[in-house]
1. I need the shape label for the range B:74-206. Rule: rounded when a/c is under 1.5, else prolate if a/b > b/c, else oblate, with a, b, c from the alpha carbon gyration tensor.
2. Which value, in debye to the nearest 20, gives the size of the charge dipole of the range B:3-110 about its Cα centre, when Lys and Arg are +1 and Asp and Glu are -1 at the Cβ?
3. Using a 1.4 angstrom probe on heavy atoms only, work out the carbon and sulfur share of the accessible area of the range B:13-71 in %.
4. With a 10 Å cut-off between alpha carbons and a GNM built on chain B, which of B:Ala43, B:Ala204, B:Ala13 moves the most?
5. Report the local net charge at A:Gln94: Lys and Arg +1, Asp and Glu -1, summed over other residues whose C-beta lies under 15 Å from its C-beta.
6. Name the residue from B:Phe114, A:Thr48, B:Ala35 whose Cα lies farthest towards the positive end of the charge dipole of the protein assembly as shown, charges +1 on Cβ of Lys and Arg and -1 on Cβ of Asp and Glu.
7. Rounded to the nearest 10 Å², what accessible area does A:Leu86 show when all protein chains are kept and the probe is 1.4 Å?
8. Could you work out the helix-only [θ] at 222 nm for chain A, with each DSSP H run of four or more residues adding -39,500 (n - 2.57) and the total divided by the number of residues, to the nearest 500 deg cm²/dmol?
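The values are calculated or read from the model by the stated rules, or taken from the named source; none is laboratory data. Note that this is a predicted model, so its numbers are computed, not measured. In this analysis, Cβ positions are derived from the backbone assuming ideal geometry, glycine residues included, and neighbour counts consider all displayed protein chains. Heads up: the accessible areas ignore ligands, DNA and RNA and are worked out on the full protein's heavy atoms, side chains in. Shrake-Rupley method; radii C 1.70, N 1.55, O 1.52, S 1.80 Å.
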Protein chains: 2
Amino acid sequence: MVYSAKESKTRDAEATQVSILDAAEEEFARHGLKAARTETIAARTGVTKAMIYYYFQSKEKLYQAVLDRAFSEYVHLPKQLDLDQLPSDEALEQVVRGLLASVSCNQNIPQIMFHEAIQNHGEYYKQAGFLTVLSTMSAILERGMSEGDFRPLDAPHTAVNILGTCVFYCLGYENLKHFWPDKQMHSQKMLEQHTQEAIALVMAGVQRHENGEMSK
Amino acid sequence: MVYSAKESKTRDAEATQVSILDAAEEEFARHGLKAARTETIAARTGVTKAMIYYYFQSKEKLYQAVLDRAFSEYVHLPKQLDLDQLPSDEALEQVVRGLLASVSCNQNIPQIMFHEAIQNHGEYYKQAGFLTVLSTMSAILERGMSEGDFRPLDAPHTAVNILGTCVFYCLGYENLKHFWPDKQMHSQKMLEQHTQEAIALVMAGVQRHENGEMSK
DNA sequence: GTCTATACTGGGATAGAC
DNA sequence: GTCTATCCCAGTATAGAC
């Protein structure tokens, strides 16, 4: 995804389009559809505004193109079949780990999704990979309960709550950095720690424990 | 907060200002500072755009006023002293429960905070109540570990992860509704279920269990 | 395919009547 | 204190040269 094509000074339609899409993804993530400025996108891309309208007829069309590309590239989960082979707790850990990795490496998509949610009534979300993730997690949780690995819980609600834990750290970065004034939240070390703590919390949160009190 | 003063047709400066603030909070929550339209705020309020500039000199000043009011009203946590009296697990449950209640009853504030994070680099977040919530939770987690109630964990990271679980359901509502096509996510019943499931996940996630494997 | 220059519009802000 | 009318800039979109 994030490969810039600025170096070629010769005319290259393909490269220009990719370059515009990259800059647009960034801008839309930051500001949402309405507040995004085509001028900023053009400036970051290195081409002029006119080019944006040449390739993508309007800001809306460009937005749609960004979403389309993002959905096709985001969240490469382990295949359903592979997950079914694993014990439920290992399957869940795999999914959560994949999710955390995706979110850490490209925060633009979750940010765009959020803007979608509160501005555009989640119109595009149906197409997105996140619903798949939720369904997958929910199914694993159901299986884990029936196999006795997990405590009694409501699978869809718990899947949503897990997803919340996974995305919040990166989504709220600019706010949360005040909570860690002396650390770099995006450093390799911190991201790894976040991954580890999130997984620990989630796994402990769903697993059945011999003498633990059941929640119902 | 959400009390409208439209019914008085006589001139009432106080009521007009409150009315503007209410509408503005809504609009800023939906669109963020930049994309928010003063025209929309005025329309929703029932007064004209000019009034907004009469009372608040600019859109920015209005935004600041909305934030100031929100911070002073949001998240009424139990007093520090009361929490210290309780066993750590009960204290944590109290805080999480309070947080879930605040978020469910007014989603505007978390939404504004989110926009702050990704648009304005979290400038205002330092003032907000959320950092207090995080510190409070973190302290409780530390105490719980030292008293042997909680498993070994990183307190700040875990506090952030818990907060994520608490806010995500309401923040992502418009997206997540596609995941529950047959339910009303804002119904009393669903909100209660979310509260219950979130608390169950969090408490199970942090508590020490006799035979559970420690995460470190 | 890429640029410069410009037409057009939405919306922030203000002047002035009532 | 509240309204109407208007100014004017920022920003979308396009025409036309190269």
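1. In terms of gyration-tensor shape, oblate.
2. 760
3. 54
4. B:Ala13
5. For residues surrounding A:Gln94, the net value is -3.
6. A:Thr48
7. For A:Leu86, solvent-accessible area is about 50 Å².
8. Value at 222 nm, helices only, nearest 500: -21500 deg cm²/dmol.
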